[in-house]
Amino acid sequence: MQSTNFEYVGFWIRIWAAVIDMFLICVLTWPVLFAVYGSDYLSSAGLIKGPLDFLLSWVLPAIAVVLFWIKKQATPGKIAIAAKIVDAKTGENATTSQLIIRYAGYFVSIIPFFLGILWIAFDPRKQGWHDKLADTVVVRKKTESTEPAWFNQEKIIIKIMFGVAGGILLAGIIGFLFKLWLTSSLMKVETDMMQESIKQIKQITIPVPINIPQQNIQLQLPRIHALQPVQPVIETEEIKKKSNIAETQARNETESFKAQYKKPDECYDMKDSATRIKCANDYIRARKAFKKEQ
């Protein structure tokens, strides 16, 4: 059925209508979003910044657009170009279910590089994929130089093809959004766990042990030759000489022993904790050995 009162609305003028709608949405929502999320709202990573962003950028625009379509058969942008959305078969106002399907069809048209939107420029009835899925057309009053719009039922095979393609794409979109949300949630949980772990590590103080169980240390002390008591004999020059040599040797070994095992203060100047602990225990054992020998 041909209508001499209407003509199809083309690609470029519908782009201008979309620009008007987007401008109005930004004017109404951005002041609130910038007040909540700050000046880096546009530059920050992530498709959805938070619950308020999801509400203002996705939910409310969808409700507003569908309500405009139901009441006025057009959004403010389409009203500005005197266009409206009608049923493709009858030319009458589209039903609510058609308009909801049409809005969901926007995602099907946009996801594959806006191919469903570009389809408007080449389609005889200027229908995008969202129009095909909802069985709607965008028309306005006819001018003298344009062809009139016509309304009839499309071949069932075409509707089935677009319905299947739209269902597949819509399922892919839902899966992509769910994966995006799940990845963002897991990253947030992982970040919180890492920060909590770092906080706990900073609070841990590692005590420096001073005493080590003796069974874990095998300390080898230098052998000290103590002077053995000598039976009174008649001293000769050879005996005196041997006695002096023994005393000198014992004195040298004692000085060497003292130089080898440092004082506790010097032990703590060592960088390696294991060496520091061993030095302190060696000193304690050496001091006990000296006292025992004396």
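The numbers here are math on the coordinates, done by the rules we state, and not lab data. Owing to the predicted nature of the structure, the values given are computational and were not obtained by experimental measurement. Using ideal geometry, Cβ is built from the backbone for each residue, glycine included, and neighbour counts are taken over all protein chains shown.
Any chance you could run the full-extension gain for residue 100 through residue 32? It's 0.36 nm times the residue separation minus the Cα-Cα distance, nm to one decimal.
Values: separation 68, 0.36 × 68 = 24.48 nm, distance 2.69 nm.
Roughly 21.8 nm would be gained on extension.
With viscosity set to 0.890 mPa s at 25 °C, what whole-number translational diffusion coefficient in µm²/s follows for the stretch 14-108 from Stokes-Einstein and a Kirkwood radius over Cα pairs?
Calculated translational D: 166 µm²/s.
Quick one: length gained pulling residue 275 to residue 22 fully straight, 0.36 nm per residue minus the C-alpha distance?
Values: separation 253, 0.36 × 253 = 91.08 nm, distance 7.15 nm.
Extending this stretch completely gives an extra 83.9 nm.
Can you tally the net charge around residue 57? Count Lys and Arg as +1, Asp and Glu as -1, for every other residue whose Cβ sits under 15 Å from the Cβ of residue 57.
Within the 15 Å Cβ shell, the charges total -1.
Please identify the chymotrypsin sites (Phe, Trp or Tyr not before Pro) of the stretch 86-141 that satisfy two criteria: DSSP loop assignment and at most 15 other Cβ atoms within 10 Å. Which are they?
Here the sparse-neighbourhood loop sites are 113, 114.
Once the piece of chain linking residue 182 and residue 113 is laid out straight, how much longer is it, given 0.36 nm per residue of separation minus the C-alpha distance between them?
Extending this stretch completely gives an extra 22.4 nm.
Roughly how many nanometres apart are two label points built 7 Å out from the Cα toward the Cβ at residue 174 and residue 251?
Label-label distance for residue 174 and residue 251, simple model: 10.0 nm.
In a solvent-free Debye calculation with one equal scatterer on each Cα, what is log10 I(q)/I(0) for the stretch 2-189 at q = 0.14 Å⁻¹, listed in the order of the q values?
-0.86
Rounded to the nearest 20 debye, what is the charge dipole size of the stretch 2-189 about its Cα centre when +1 sits on each Lys and Arg Cβ and -1 on each Asp and Glu Cβ?
160
Can you figure out the FRET efficiency of residue 71 with residue 39, using R₀ = 30 Å and their beta-carbon distance, to the nearest 0.05? Present the calculation step by step, with values, prior to reporting the outcome.
Working: r = 36 Å, r/R0 = 1.21.
With R0 = 30 Å, the Cβ-Cβ based efficiency is 0.25.
Could you tell me which of the pairs 78/188; 71/188; 49/84; 49/78; 72/132 are separated by over 32 angstrom between their Cα atoms in the structure shown?
With Cα atoms farther than 32 Å apart: 78/188; 71/188; 49/84.
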